[in-house]
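The next block holds one structure in the form of structure tokens; read it before the comments.
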Amino acid sequence: MRFLLFLVIALNLSGCSSLQQHIDKAESLAEEHGFSRKIIPGTKFDILSFYKINKPSSSVTLFIEGDGKAWINKTRISSNPTPTNPVGLKLALNDPSANIVYLARPCQYTVNQSNDSCHYRYWTSERTSEEIIVAINDALLLLKKEFSIQTFRLVGYSGGGTIATILAARRDDVHDLRTVAGNLDIAQFSQTHSVSPLTGSINPIKYANKLTSIPQIHYTSRYDEIITRDITNSYINALTKYDPELHCVDVIETGAPSHNSGWETYWRMQKHTPIQCSK
């Protein structure tokens, strides 16, 4: 019994140690690139942010992290969704914009978390639930007030692309939208991978009629086995019902080697000029 108790304690300490290492690594990367750290308080979730504001009262490029470590394997849910490879953060650190804000997802990079606030459903079935969308939207409102932000240029990686797309449809201060390997149709995602539907999550295509007028580019990879082209195509097809010509929407296929590698190198090479509608 004592041995089993010791083993459980050792495993828990190991998990906490590993999490702290990921937190330290992210903070170190951000600091090396001249970013400041901020915890944005919320009614339900506190959200970690890194930011670099050189021109207040202007436009901000805002990055939203992916789903992180939601699952340990196909049957075991992670106890904390902090990403082991924070691709969204790496994109932010390699962006040339004057004003940059990075937002982690709720419950990422947290050690002392409430079981009520950070229930595992918020990084599994309800990863884009109304509660999550509201929490991140509230974070944008606080940032907008603090830095006198005029407009947002939203960038979302993977599941962060899901959230960025929903926010673009709901807000009136989004100048343009970019997703990188973004999950743009969560129903098609579940069907493609034969996994359980994300019950309780909001699907971006719900807002297809509002999204057609928002300038947007969606970056995909021909080597991505997670966000396959049929998922992106399903989103595009939903939008064409309201704008057959898709004057404001573009999809760019890249040679990024996988879903979670190579994107920061590709991103660094982009000019990221404001997206314009063709009509």
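The values are calculated or read from the model by the stated rules, or taken from the named source; none is laboratory data. All figures in this text were calculated on a predicted structure; none of them were measured in a lab. Positions of Cβ are generated from backbone atoms using ideal geometry, with glycine treated the same way; all protein chains shown enter the neighbour counts. Quick note on the areas: whole protein, heavy atoms, side chains included, nothing else; ligands and nucleic acids left out. Shrake-Rupley method; radii C 1.70, N 1.55, O 1.52, S 1.80 Å.
The table below lists the values:
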item: Looking only at the range 22-52, and only at residues there that are open to solvent by less than 40 Å² (accessible area, probe 1.4 Å) and part of a strand (DSSP E or B), the one that is nearest to Leu198 (Cα to Cα); result: Ile47
item: Only one of Pro96, Pro81, Pro86 that is surrounded by fewer than 23 Cβ atoms within 10 Å (Cβ to Cβ) and of a type outside the set (Val, Ile, Thr); result: Pro96
item: Every pair of residues 6+ apart whose Cβ atoms lie under 6 Å, when the first sits in the range 18-46 and is free of Cβ contacts under 8 Å to residues at least 60 places away in the same chain while the second is open to solvent by 80 Å² or more (accessible area, probe 1.4 Å); result: Ile39/Asp46
item: Tally, over the range 221-279, of residues that are aromatic (Phe, Trp, Tyr) and over 20 Å from Leu91 (Cα atoms); result: 2
item: Total residues in the range 249-269, condition open to solvent by less than 70 Å² (accessible area, probe 1.4 Å), of a type outside the set (S, T, N, Q) and under 30 Å from Asn209 (Cα atoms); result: 6
item: In the range 148-161, the residues that are open to solvent by 10 Å² or more (accessible area, probe 1.4 Å) and within 17 Å of Cys248 (Cα to Cα); result: Arg153
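Per-residue answers, yes or no, for (1) open to solvent by less than 10 Å² (accessible area, probe 1.4 Å); (2) touching a residue at least 60 places away in the same chain (Cβ under 8 Å); (3) within 25 Å of Pro86 (Cα to Cα); (4) more than 16 Å from the chain's Cα centre (by Cα):
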position: Asn137; (1), (2), (3), (4): no, no, yes, no
position: Ile163; (1), (2), (3), (4): yes, yes, yes, no
position: Ala168; (1), (2), (3), (4): yes, no, yes, no
position: Gln188; (1), (2), (3), (4): no, no, yes, yes
position: Val195; (1), (2), (3), (4): no, no, yes, yes
position: Ile202; (1), (2), (3), (4): no, yes, yes, no
position: His218; (1), (2), (3), (4): yes, no, yes, no
